[in-house]
Amino acid sequence: MSRSFISHEVPTANQGEKGDAGPMHQDLPRPLPRFSLLAPERGRSSHDQIAAILGTELLQGRYPSGTTMPGEAELCARFDVSRTVLREVMKTLAAKGFVVPKTRVGTRVRDAVFWNYFDADVLAWRLRLGLDDEFRMTLTEVRRAVEPAAAALAARRRRPEDVARLRECLRLIGRAGQSRQSFAAADLDFHLAIGSASGNPLIRSIAGVIETALVASFTYSSPVDDPTDHAASVTGHTAVVDAIEAGDAPGAAQRILAVIDTAVRRIDQRKHRGVPG
């Protein structure tokens, strides 16, 4: 069967490994699982490709809430796949809260309030559409609510290996001459390391939101574009680790909040000046 639709219908994100939070601390340190918004594109199954296309179209509003999705025959013809593959795709979309099957009616589109934006695939699809200011602010609000709590818990529960991991992240964040993407990858690992050091698996599981926010940030602007901004970013991240290592929970929370807010201000200032992303 032809798979030509994959290359031109919509760009998709490779989701790669989706590690879970795992035990709180028993088997750390280990490589921190990350979603793959920062990873190179790789081949994906027809199921994943079709789910990404339809999921993106749902996010775009092509199929409004309360309407019925096109029938099986139409979608099978469109994507040149079997009914079995298509039904698995619809199960995937249903699991993410997008649709619900209705007997003798078809597959009904659910209201957006039920869509699972904490799902890594959904976040990846939303990112590929581009992030407007409103959605960027939504991501920031979630980070401001969660990451200070994670940093405070990390300060209370940190172990030597947690601090060592964070120091290594700082070294990578501070490297000179790196690209926006390499900085974003190092910055992501830093924030994921704090989530792991918190010892709270639910906090760690929100990594998809943090990654999406960071990718959205680096696609518009990055501190590595300006040596002064880069140095200030390194200083801010270092203050977080120093507070965690010292067991200063309020200080760690305050400093991670400063890191988040500084990045938001930098983007807003560059947008105001018309600096291209």
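Model label sites at R167 and S179, defined 7 Å from Cα along the beta-carbon direction, differ in position by 3.0 nm.
Of the residues C76, C169, the one with the fewest other Cβ atoms within 10 Å heads the list, and the complete ranking is C76, C169. In terms of surrounding Cβ atoms within a 10 Å radius of their Cβ, R266, R108 rank from fewest to most as R108, R266. Computed from the Cβ-Cβ distance with R0 of 22 Å, the FRET efficiency linking L257 to D226 stands at 0.50.
What is the percent of Cα-Cα separations in the range 131-273 that go past 28 Å? Above the 28 Å cut-off, the range 131-273 has 11 percent of its Cα pairs. Each of F135, F190 was scored by other Cβ atoms within 10 Å of its Cβ. Listed from fewest to most, they are F135, F190. The label-point distance for M137 and E74, in a model that sets each label 7 Å from Cα toward Cβ, rounds to 3.6 nm. One decimal place: the segment R62-V264 gains 69.6 nm when fully extended, by the rule 0.36 nm per residue minus the C-alpha distance.
A short reminder: the numbers here are calculations on the coordinates, not readings from a lab. Keep in mind that this is a model prediction, so the values were computed, not measured. Glycine also receives a Cβ, built like all others from the backbone with ideal geometry; neighbour counts cover every protein chain displayed.
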